[in-house]
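Here's the structure, in structure tokens; my notes come after.
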Amino acid sequence: DVKVTQSSRYLVKRTGEKVFLECVQDMDHENMFWYRQDPGLGLRLIYFSYDVKMKEKGDIPEGYSVSREKKERFSLILESASTNQTSMYLCASRGADRGRETQYFGPGTRLLVL
Amino acid sequence: DAKTTQPPSMDCAEGRAANLPCNHSTISGNEYVYWYRQIHSQGPQYIIHGLKNNETNEMASLIITEDRKSSTLILPHATLRDTAVYYCIVRVESSYDKVIFGPGTSLSVIP
């Protein structure tokens, strides 16, 4: 089975702190994604990466950066956390599992910024 | 990606089959029907997808009508742990574009 893991399920941070969210997939997938999910707004794409050291902005990249130094790991960085970044953060990995290709999601990190 | 419409909520008795419908009348020839679900406070979970033939895996069955304008996800023996929001989306299989979920169907499995 495809496994996408995220470093934390719950995080509480203060405004202005630097926050690192880590995502690891174990299926050698090339494409990885970071989304945030908010009530009434659905999933919104922050950044994605289609290869090591490659990154592309999604729909809402402001206030975020990413790092992809190794194929299996895709990190989301909040340089200076703000209260409007309180959200559920979801990492996804795209690839084939048993011949079928789709995006697989991690368990999510619920971030609260005070 | 083509749009889909789903009922906002459904109930199902535990142990019975849950049949979740989805309409996708504007689906294109190269778009697949995907189903995900999201249990409260967890990440979305991939369930199944198909193009035109019916599909079955260890989680569910997917029935796609001959004209491909609608489909039904079947959970053959629903359990309480199947209570979740179920999302039907249509997209090209090879697309690495973002996934967009609609409101989905909130399924409640009742003891």
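Mean projected area of the convex hull spanned by the Cα atoms of the protein assembly as shown, taken over all viewing directions: 12.1 nm². With contacts taken as Cα pairs under 8 Å and at least 6 residues apart, chain B reaches a relative contact order of 38 percent.
In this structure, the pairs whose alpha-carbon distance is over 26 Å, taken from A:Lys3/B:Lys69; A:Lys18/A:Lys55; A:Lys70/B:Lys3; A:Lys71/B:Lys3; A:Lys3/A:Lys70; B:Lys69/B:Lys98, are A:Lys3/B:Lys69; A:Lys70/B:Lys3; A:Lys71/B:Lys3.
The mean number of Cβ atoms from other chains found within 10 Å of a Cβ in peptide B:36-44 is 5, as a whole number.
Residues of the range B:71-103 with an amide N closer than 14 Å to a point placed 7 Å from the Cα of A:Tyr50 along the Cα-to-Cβ direction: B:94-98.
Between B:Asn53 and B:Thr79, the contour length at 0.36 nm per residue exceeds the alpha carbon distance by 6.7 nm. Counting, for every residue in A:37-47, the Cβ atoms of other protein chains within 10 Å of its Cβ and taking the mean gives 2. Each Cα pair of chain A feeds into the Kirkwood radius, which the Stokes-Einstein equation turns, at 25 °C and 0.890 mPa s, into a diffusion coefficient of 175 µm²/s. Gyration tensor analysis over the Cα atoms of the range B:13-111 returns equivalent ellipsoid semi-axes of 22, 16, 11 Å (largest first, whole Å). A simple rule links phi to the HN-Hα coupling: the Karplus curve 6.51 cos²θ - 1.76 cosθ + 1.60 with θ = phi - 60°, which for the range B:73-80 gives 8, 10, 9, x, 9, 5, 10, 4 Hz, with x for Gly and Pro.
Under 17 Å from a label point set 7 Å out along the Cα-to-Cβ vector of A:Arg9, the amide N atoms of the range B:34-52 belong to B:38-45. For B:Tyr32, the amide hydrogen comes within under 5 Å of the amide hydrogens of B:Arg91, B:Val92, B:Glu93, counting only partners 5 or more places away or on other chains and with H modelled in the peptide plane.
Every read-out reported here was derived from the displayed coordinates using simple, explicitly stated rules and does not represent laboratory data. Just so it is clear, the structure is predicted and the values come from calculations on it, not from any experiment. Every residue, glycine as well, gets a Cβ built from its backbone with ideal geometry; the counts of neighbours run over all protein chains shown.
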